[in-house]
Amino acid sequence: MDCKKRAGLYLLRKKGKAISIFLLIMVVSTFLISCFSLLTASEKLASDIRGALGAAFYLRASTGVVSDENGEMTVTENHIRITDNEIKRIQNCGNIAYHNPINYGYAKGEQLTKGNPIAFIHGEKHTEDNNMGAVTALRYSALETDFVDEVLALAAGRHITEADTNAVLISSEVAAVNGLSVGDKIVLSSSELGEADGEYIDVWSGERKETVVTIVGIYDILEADANVTATAGRQENRIYASMDVLTQLAASEPSVYTGEVGFYVTDPKTLDEIVSKVQQIEEIDWKTHFIRTNDFQYSKISDSLTSLGDLIKILLACVSIVSAAVLTLILTLRIRGRIPEAGILLGAGIPKGEIIKQFLLEVLSVAAIAFLFSYAASFGISHNLGNHLFADFQPNLINAAALQNGMSDAVSIDSYLTLGIGKTLLIYGCQLIVVVLSVLLSSASILKLKPREILTKMS
């Protein structure tokens with residue numbers, strides 16, 4: 001009878017012992033695969049978050065405090081004026097992937113096909129004269145603060161990008177009231193909100209300009225603003241537009257930005273260094289400008305991921321050492337308990353090499369089945385644990401797709417938790433090496449004896 005048949009018959013005869021070895025190897029393999037999946041996910045997340053445009057700084061107007069003759073203090077905001085030349089100087093200070101200048105204005109509207117005025121959601125003291133919306137002209141609407149902070153979310157269509165002209169986003173409320181949808185064209189006209197005699201009025205004084213724009217996207221409001229305000233100040237009436245729209249309405253100058261300008265860096269670790277260089281640019285009046293930074297909690301997330309990764313490494317080291325020791329001990333005890341069987345086989349003239357092969361085939365057969373079960377079990381465990389541990393670490397990767405579809409299209413955590421075939425096979429290979437060495441070491445102490453010596457020990 002060859003070693004394969006003997007190994008098979010032994011496993012059938014000793015089902016309890018086979019099951020105990022199976023459970024031990026499966027539990028250890030499941031733990032190792034799950035931990036390696038989590039470790040790989042934490043390393044990938046840390047790398048992606050660092051390179052995911054996870055930091056920004058904003059050049060804004062500073063504020064001042066003015067005291068009147070009665071001693072009352074009033075906070076005023078300075079006016080800023082940033083040009084493309086200054087933006088180029090800032091971009092030369094480091095690896096800045098995107099910049100997002102903003103201009104603000106107002107506009108009235110009418111439907112292109114029907115000629116009816118756009119009905120904005122009524123605000124405080126609404127009249128036909130103040131029926132207008134606030135326009136935010138920018139290069140990338142996906143990078144606007146309310147979209148990044150998920151106060152607003154794209155509901156249909158796409159976001160505005162730097163390649164767009166005559167493009168706008170409107171709210172789902174305004175779209176519903178006016179029967180508008182993505183792809184429709186509307187006419188915007190120059191307006192400016194003012195106040196006189198306690199009423200909100202249109203104070204536009206120059207020649208009123210018009211421009212035809214296309215609705216490329218519609219947004220929903222996730223966090224409503226409860227403040228009572230004029231019609232133009234309501235969230236529902238905000239119009240996000242490509243940079244050229246306010247220029248065509250004569251509400252802004254070409255290549256001049258009077259709102260804020262956001263700069264998005266490629267590496268959060270360089271944020272402070274870049275800001276320091278920007279603050280040395282003499283062309284910018286730092287008495288009326290200031291910089292606000294935002295690393296989108298990169299430091300906190302990075303430290304948390306590093307700590308989690310270190311903890312997983314410690315657990316892996318401990319489990320690997322303990323499991324190898326336990327497996328070796330159990331196999332040694334089991335094989336030493338088979339001294340009579342080994343003596344009989346040796347006495348029957350079966351070579352020692354064949355006996356070792358039998359012992360190896362028994363354990364390797366059980367290990368192969370345990371590996372299959374452990375892979376399925378570790379897949380479910382690692383994904384459940386990963387989604388729980390990394391739920392707050394999901395990076396908003398800023399790329400061409402995210403700039404069009406919005407930051408809500410972040411990468412799924414599940415994609416980080418899939419361990420590659422190469423690493424999986426490497427883990428199983430290392431376990432097989434431990435199993436083979438355990439069998440060889442535990443068998444050596446028996447098989448180095450002669451049959452007579454084995455029989456003597458048995459007696």
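Nothing in this text is a laboratory measurement; each read-out follows from the coordinates by a stated rule. Bear in mind the structure is a predicted one, so any value in this text is a computation, not a measurement. Note: ideal-geometry Cβ built from the backbone for every residue, glycine included; neighbour counts use all protein chains shown.
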Quiz item: Picking from Ser252, Asn92, Ile274, whose Cα lies most toward the positive end of the charge dipole for the stretch 55-295 (charges on Cβ: Lys, Arg +1; Asp, Glu -1)?
Solution: Asn92
Quiz item: Taking amide H positions as placed 1.01 Å from N in the peptide plane, with prolines and chain starts having none, which residues 5 or more places from Asn131, or on another chain, fall under 5 Å of its amide H?
Solution: none
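Could you check what % of the DSSP bridge pairs in the stretch 163-240 are antiparallel, to the nearest 5? Could you put the intermediate results ahead of the total?
On the way: 10 of 15 bridges.
Restricted to the stretch 163-240, the bridges split so that about 65 percent are antiparallel.
Just in the stretch 111-169: which GluC sites (Glu not before Pro) are loop by DSSP and have at most 16 other Cβ atoms within 10 Å?
Working: sites: Glu124, Glu128, Glu144, Glu150, Glu162; in loops: Glu124, Glu128, Glu144, Glu150, Glu162.
Answer by residue number: Glu124, Glu128, Glu150, Glu162.
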Exercise. Using the Karplus curve 6.51 cos²θ - 1.76 cosθ + 1.60 with θ = phi - 60°, work out ³J(HN,Hα) for each residue of the stretch 106-111 in order, rounded to whole Hz, and write x for Gly and Pro.
Key: 9, 7, 9, x, 8, 6
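How would you rank His99, His159, His122, going from fewest to most other Cβ atoms within 10 Å of each one's own Cβ?
Numbers: His99 21, His159 24, His122 15.
By the 10 Å Cβ count, ascending, the order reads His122, His99, His159.
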Practice problem: Pull up all non-local amide H partners of Thr229: gap of 5 or more, or a different chain, and H-to-H distance under 5 Å with H placed in the peptide plane. | Solution: Glu124
Self-check item: In the stretch 135-232, chymotrypsin sites (Phe, Trp or Tyr not before Pro) in a DSSP loop with at most 16 other beta-carbon atoms within 10 Å
Solution: none
